[in-house]
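Working notes, structure below.
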Amino acid sequence: MLEETFKAIKDAKLDIELLRRDNEKKCMENNIKIDELEAIIGHAEEGLEVTLKESGEKKLECKLGWCAYRVMPDKWDYDIPKLIMWAKENDLRCDKYVKVTEEFRKDQLKKDLLNDFLTKEETCDIGITITPQDPKFNYRLNGGL
């Protein structure tokens, strides 16, 4: 009985070790397969983008999904000290754009620029840089993947 118990423990430990080695091999094999599949996806995504670009369309659709360029908003960079100095030159601007805490009201200035209350020429030297951004490519597979 004692020998059978020790043999059962020894066999179980050996089986565990064999399974661990098998897991390591399978994990390594699976990781290699995953890398290969991710490379396939990367090449396919590049192909989708090339196809979309060559089509001249904004969006391409089919039964399995779609790809499109998403329009990205312009990036706004503010030179706050320069903007505050500009706003303080005029009481109306100061009240409209500068908070008492010396924070510049970027959102108000942006609204005024976008609604043509101020021209972009007026803002050239006051501390705003508006950088247009390229559209961002994206796609979706139908079916939840």
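Just so it is clear, none of the values below were taken in a lab; they were calculated from the coordinates. Just so we're clear, the structure is a prediction, and the values are computed from it rather than from any experiment. As a convention, Cβ positions derive from the backbone with ideal geometry for all residues, glycine included, and neighbour counts pool all protein chains shown.
Things worth noting here:
- Here's how it looks for Val98: its modeled amide H is under 5 Å from those of Arg105, which are all 5 or more places away or on a different chain.
- The slack between Met28 and His43, meaning 0.36 nm per residue of separation minus the straight C-alpha distance, is 3.1 nm.
- Candidate values (i) 51, 28, 20; (ii) 99, 47, 24; (iii) 54, 33, 28, label of the one derived for Cα extents along the principal axes in Å: (ii)
- Two-site label geometry, Leu114 and Leu64: point separation in nm, points 7 Å out along Cα→Cβ: 3.8 nm
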